[in-house]
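**Student:** Let me give you the structure first, and then I'll get to my questions.
The values are calculated or read from the model by the stated rules, or taken from the named source; none is laboratory data. Note that the coordinates shown come from a computational prediction; the quantities given were computed from them, not determined experimentally. Note: ideal-geometry Cβ built from the backbone for every residue, glycine included; neighbour counts use all protein chains shown.
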Amino acid sequence: MKDKKLRIGIDLGGTKIEGIVLDTGGFAILRERVPTPAGDYRGILNTIRDLVTLLESGVDKQCTVGIGMPGSFSRASGRVKNSNSVCLNGQALQRDLELLMKRPLRFANDADCFTLSEATDGAAAGAAVVFGVIAGTGTGGGITVDGRLVAGPNGIAGEWGHNPLPWPRTDELPGPDCYCGLKGCIETWLSGPGLVRDFQAHHHEAVEAVEISRRAQAGDSAARLTLELYFDRMARALASIINILDPDVIVLGGGLSNIDYLYAAVPACWQSYVFSDRVDTRLVPARHGDSSGVRGAAWLWPAAASSA
């Protein structure tokens, strides 16, 4: 019997696989991390199975299992697409893992899991419409309405990172090459590597994103100018989301979400781009930080389903 109160979440990342056991109130009872077998699809399947076994032995119960993953499933083939863990692409991950573990599993994109976590018991708890953003190595997004994930018929709802940067300036065209094959995608501007590239292009020095932020706070003019441009680009990108979705809350996660003054600077910029006399959408940092992805994977099973 599955326990009515316990859920397991698995966060499948490129370097680590994290697992968590949550009780019905969202308290983390147990947490484990193991290395991801790099480039080894069969090894990933076995590692997830073994991690779930370890977690369940730790609580002495069989739990529901939700899995957050990079990429999404093709509605045409049922196989993984758009994953930056390339060994997953083209694989029937859900089918293979369910056969291996002999139980039903639930899957969602890692940005969707982040958004679900923050909408369930995080920074956007209780909000009707939530847009979640992960700005780190890449740039992903997810949408919840009344606490439920929106996936869409193509399984790509929230993939704002692969739209063009809105209201581009002359010097921003055609934009950097994106791994998706297009140019000027939002991800190429708002990801950590995009921020680093922009600083280097203008100031001829290779500096990591965290150092750019530190220098800006210390008064370095070059770093401040780079971040001011970054904030304007994020404001344009998020304004396009507000104009279409009009979310109550936008929650930021990922490494770049740790820039504290972003939460005042970006809303100050986006008023110029939003088609409204005022903007009541709130921009907030994630409450659960790096744990939101794995927590959201656990919440893929609602209370009613967890008693099945």
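**Student:** From the set of residues in the stretch 169-213 that are more than 18 Å from Asp260 (Cα to Cα) and of a type in the set (S, T, N, Q), which is surrounded by the most Cβ atoms within 10 Å (Cβ to Cβ)?
**Tutor:** Only one residue fits best here, namely Thr188.
**Student:** Hey, can you tell me all the residues within the stretch 214-234 that are buried (at least 22 other Cβ atoms within 10 Å of the Cβ) and of a type in the set (Lys, Arg)?
**Tutor:** Of everything in the stretch 214-234, just one residue is buried (at least 22 other Cβ atoms within 10 Å of the Cβ) and of a type in the set (Lys, Arg), namely Arg233.
**Student:** Now a separate question. Are any of the residues in the stretch 39-62 under 19 Å from the mean Cα position of the chain (by Cα) and under 23 Å from Gly142 (Cβ atoms)?
**Tutor:** no
**Student:** Just to verify a result, which residue in the stretch 118-167, among those that are polar (S, T, N, Q) and surrounded by fewer than 20 Cβ atoms within 10 Å (Cβ to Cβ), is nearest to Gly14 (Cα to Cα)?
**Tutor:** Of everything passing the filter in the stretch 118-167, Thr137 is nearest to Gly14 (Cα to Cα).
**Student:** Quick one: Pro166 ticks every box in (1) not assigned by TED's automatic domain parsing to the domain that holds Ser240; (2) not in a helix (DSSP H, G or I) except a single one, so which number is it?
**Tutor:** (1)
**Student:** Here's something else I'd like to know. Which residue, of Pro302, Pro247, is under 22 Å from the mean Cα position of the chain (by Cα) and in the same structural domain as Leu30 (by TED's automatic domain parsing)?
**Tutor:** Unique residue meeting the criteria: Pro302.
**Student:** Now a separate question. Among the residues of the stretch 285-298 satisfying the criterion of being in contact with a helix residue (DSSP H, G or I) (Cβ under 7 Å, 6 or more places away or on another chain) and surrounded by fewer than 24 Cβ atoms within 10 Å (Cβ to Cβ), which is farthest from Gly26 (Cα to Cα)?
**Tutor:** Among residues in the stretch 285-298 that are in contact with a helix residue (DSSP H, G or I) (Cβ under 7 Å, 6 or more places away or on another chain) and surrounded by fewer than 24 Cβ atoms within 10 Å (Cβ to Cβ), the one farthest from Gly26 (Cα to Cα) is Pro285.
**Student:** Consider only pairs whose beta carbons are under 6 Å apart and that are at least six residues apart or on different chains; among these, list those whose first residue lies in the stretch 235-264 and is surrounded by fewer than 19 Cβ atoms within 10 Å (Cβ to Cβ) and whose second residue is of a type in the set (A, V, I, L, M).
**Tutor:** Asp248/Ala127; Asp248/Ala128; Asp248/Val129; Tyr263/Leu283
**Student:** Here's a follow-up. Tell me which of these Ser257 doesn't satisfy, since it passes every other one: (1) outside any helix (DSSP H, G or I); (2) touching a strand residue (DSSP E or B) at 6+ places or on another chain (Cβ under 6 Å); (3) over 22 Å from Pro164 (Cβ atoms).
**Tutor:** Answer for Ser257: the failing condition is (1).
**Student:** Of these, Arg148, Arg95, Arg103, which one is at pLDDT 95 or above and under 17 Å from Met69 (Cα atoms)?
**Tutor:** Arg95
**Student:** Is it true that some residue in the stretch 207-215 is part of a loop (DSSP other than H, G, I, E, B), modelled with pLDDT under 95 and more than 30 Å from Gly126 (Cβ to Cβ)?
**Tutor:** Yes, there is a match, as at least one residue in the stretch 207-215 is part of a loop (DSSP other than H, G, I, E, B), modelled with pLDDT under 95 and more than 30 Å from Gly126 (Cβ to Cβ).
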